[in-house]
Structures are given as structure tokens and as C-alpha cells.
Amino acid sequence: MAIMTKTKHSEFVTLTVDDLTRAIRNSIRNDIRSMPEEEARHMAQHVMNFFGYSERIIDNILEPEDRDAFYMLEDSGLLTTEREETTLYDGREWRIHYWIFRKDRILQLAKARDKRIDPITEEAMSIYQEIPDDVWRITEKDDA
């Protein structure tokens, strides 16, 4: 599945599952661990299935678990929200909430180089794995 879209710079680009997968991994990655490729791909496919060929979707089609994933992607800068207000015939205000792909950010993160763990850092961290478990336990000191 792919979405043909226009970026802020008026370029037409196609946003693919692979792009979104790489963007998810690169946005969630930190120095020690990252989201596994398989998990990121599953999330990317799941999100793309909601959007279909659109650039925005209405919020009330989401289940609470899906909305949680969307909030996580919003925190990562991959999605944003928009709100539209309209007045109903009886005078009440009605709000419609939308989720929108941040295409420029997704493409930027998709093209970013993979951040790798520095081998020195990995080696330095492995020293903690060699320390026996009993060393980590807090012992009471004799007050006598």
C-alpha cells in the first residue's frame, strides 16, 4: 500500500509501508535499544490500513488500543491532529477530530541513517552483565 502525497515543498512523493517502518524505527530508537523491524512493520501496516489512500482520517473510527498507538506516533512526530468545528442545526457545536500524516517528517526519518550502538558503549555496558546478582542486593548494616 502506498499513498501519493504532496509535501510542503510541493513535491509529489509516494509514502510506502517501508518508509513508515523506517520512520517508526528511527523515531523510537535510542542509544541502547530500538523497536524490532518486524514490530515496526506491523505497526506501519496497521496504521496505513486505517489511512488507505488518504492523508487524514477521522478519529472516531479508532478503537482505544489503536488510538494509543496513534498517540505514540504523534509523540514521535509522525502524526498530528486537526480539529474542525461546525454548528449543528439545533445550535450545538460539533467537533470532529482528525489524524494526519506528517509526510515531511516521515520521509526525513525514513531517509535518516540507522543509528547504531557504538561498539565501545556496548562493550562498556556488558561489564554489568558479568557482575553476580548478589552484588546488586542491598544489605542491612549492623547498627550494633
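Observations
- Meets criteria (over 13 Å from L78 (Cβ atoms), at pLDDT 90 or above and surrounded by fewer than 18 Cβ atoms within 10 Å (Cβ to Cβ)) for T16: yes
- Subset of the stretch 58-86 (residues that are surrounded by 11 or more Cβ atoms within 10 Å (Cβ to Cβ), touching a strand residue (DSSP E or B) at 6+ places or on another chain (Cβ under 7 Å), over 14 Å from K103 (Cβ atoms) and not acidic (D, E)): I58, F70, T81
- In the stretch 40-90, the residues that are among the polar types (S, T, N, Q) and out of contact with any Lys or Arg (no Cβ under 6 Å at 6 or more places or on another chain): Q45, N49, S54, N60, S76, T81, T86, T87
The rows are residues; the columns are (1) in contact (Cβ under 8 Å) with a residue 40 or more places away in the chain; (2) aliphatic (A, V, I, L, M).
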residue: M35; (1), (2): no, yes
residue: R41; (1), (2): no, no
residue: N49; (1), (2): yes, no
residue: G52; (1), (2): yes, no
residue: R56; (1), (2): yes, no
residue: D59; (1), (2): yes, no
residue: E63; (1), (2): no, no
residue: D75; (1), (2): no, no
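- Verdict on G77 being more than 15 Å from the chain's Cα centre (by Cα) and not polar (S, T, N, Q): no
The values are calculated or read from the model by the stated rules, or taken from the named source; none is laboratory data. Computed from a predicted structure; not experimentally measured. Neighbour counts run over all protein chains shown; Cβ positions are idealised from the backbone, glycine included.
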